[in-house]
1. What are the extents of the Cα atoms of region 334-433 along their three principal axes, in Å, largest first?
2. To the nearest 10 square angstrom, how much accessible area does residue 61 have with a 1.4 angstrom probe?
3. Can you give the Rg/Rh ratio of the chain, where Rg is from the C-alpha atoms and Rh is the Kirkwood radius?
4. To the nearest 10 degrees, how steep is helix 517-531 against the longest Cα principal axis of the chain, on a 0 to 90 scale?
5. By accessible area of protein heavy atoms, probe 1.4 Å, what ranking do 308, 458 get, highest first?
6. Determine the dipole magnitude for region 3-553: charges of +1 sit on the beta-carbon of Lys and Arg, -1 on that of Asp and Glu, nothing else is charged, the reference point is the Cα centre, and the result goes in debye to the nearest 20.
7. In terms of solvent-accessible area of protein heavy atoms at a 1.4 angstrom probe, what is the ranking of 510, 379, highest value first?
8. What is the helix-to-structure angle for 297-307, meaning the angle in degrees between its Cα long axis and the longest Cα principal axis of the chain, kept from 0 to 90 and rounded to the nearest 10?
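The values are calculated or read from the model by the stated rules, or taken from the named source; none is laboratory data. Because the structure is a prediction, the values reported are computed rather than measured. Quick reminder, even Gly has a Cβ in these numbers, built from the backbone with ideal geometry, and neighbours come from all protein chains shown. What goes into the accessible areas is simple: the full protein's heavy atoms, side chains included, and nothing from ligands, DNA or RNA. Shrake-Rupley method; radii C 1.70, N 1.55, O 1.52, S 1.80 Å.
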Amino acid sequence: GGFLIPYIIMLIVEGMPLLYLELAVGQRMRQGSIGAWKIISPYLCGVGVASVIVSFFLSMYYNVINAWAFWYLFHSFQDPLPWATCPLNSNRTGYEEECEQTTPTQYFWYRQTLNISEALETSGGVQWEQALCLTLAWLVVYLCILRGTAATGKVVYVTASLPYCVLIIYLIRGLTLHGAVNGLIYMFTPKLEQLSNPKTWISAATQIFFSLGLGFGSLIAFASYNEPSNNCQRHAVVVSLINSTTSIFSSIVTFSITFSIYGFKATFNYESCLNKVILLLMNTFDLEEGSLTADNLSEMKEYLLARHPQEYTQLSPQLKNCSLEAELDTAVQGTGLAFIVYSEAIKNMEVPQLYSVLYFAMLLMLGIGSMLGNTAAILTPLTDTKALAARFPKEVIAGSVCFINCVIGLIFTTKAGNYWFDIFNDYAATLSLLLIVLVETIAVCYIYGIRRFEKDLHTMIGHKPNLYWKIMWAFASPLLIVSLFVFYLTDYILTGTLQYQAWDATQGQLVTKDYPGYALAVIGLLVASSTLCIPLGALLTFVRKRLKRDDVSTV
């Protein structure tokens, strides 16, 4: 509930205005991201390059999700599902010890799918099953983009519409499950304290940017193929509203299903935590049995602290802060949400194979649809480059991009691949996108000129933008982006050493570890490789113009 408020604000202040701006720029300039910003100003050539690099990073790791979806889809035809029960050990005298420490769904994800190592430093070799699934995912993407943008648009109709059908089926099924109502109450109950947390606003902005595709260059690339008189304003509003409605709709489905499965687990963990604290206090202070209960635990803690301050202070590190709400928060978070939580829900349904095939087919449709936009953001600027287009046909350029991404993406199929995936997912795009869209709004409003842009829009759609659009472009959106940019940097400075979640097979749970030095260097390179393109592009243009002017003056 607390997330919905900043999400809606971000949609109004950032989402719709910036979507309209990018669609209008692409439609007016008739170029991909590099060419479009170069037309606005030669000093902005780095903006398009930054967008292409971010899209390249995103494509590199995002298609791994499709590979995992293929893996789960192929296993969905087994009866019983392989994540329904723990496998037997090698002696066939019991279950695998690691699986007994956790759950069958987590074991299938971390051990049989990822075969994850205990730390980032232990990379291991490429796992051929995941490598084959990744190759298949890239082959599907290549076949979809092979015929060009027109054919890609037709594929998107299928990849965008099929998930709605599956979501409706899951919504009907989810609402009939026990605990679904608790999930919806939890989702829509506002947590106003979250509004003071900068991470909430950054997460809302990130969700808007990724779901609408802002800053990646894909919107500019697709819009460049529109008719010059296409009503891009109407499309911006309609697409933004449909996108956000779909996000909220899918959240309703997710919360109704996951809480029916994980609600009881959160309650069980909470009660177990309370029992451990009560037992520890009773044994330490030799309390009578029944004198300490869950109802009077808080009062008894205060009493023991006042009566035995030294002993209680020594014991306090072992006393966990038990919270049902914290358990519920943990139950619906994590990078494995799409695979662990849903596979847990699916295995408890009637005819689980059917629901499993439907879900992972839907996940593939969504993933492939996103990949088509990402690859278009890379290919359009490349095919706009005369030097490349004159030497190589579009099929070769597209095939080369897919092949390079696939080869580099093999790092995500190693035993430490999931840790590298998290690095790319957390650091490859967010900061860069904030900078890119900030420069875009400043470029259009203050370099190209808001009045000139108004005239362009009047030529294209028949009327000038109203006051709302102009205020958002010129003032509100840039100010909010700058605030988010400062929050983002401040958060990571205050965080100190960056950490990640590693899988501990002996405990059957995730543990926190510090990133090694070389991982921090990679994180720095990911951020710098895209963000530095903007100032470097401007600097190179300035030097080139200065040298050209000097050559002319000497002649």
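1. So the three principal-axis extents are 57, 28, 26 Å.
2. It works out to around 0 Å².
3. 1.01
4. The answer is roughly 30 degrees.
5. The most accessible residue leads, giving 458, 308.
6. Once rounded to the nearest 20, the dipole reads 3100 debye.
7. Sorted by accessible area, descending: 510, 379.
8. On a 0 to 90 degree scale, this one is about 70.
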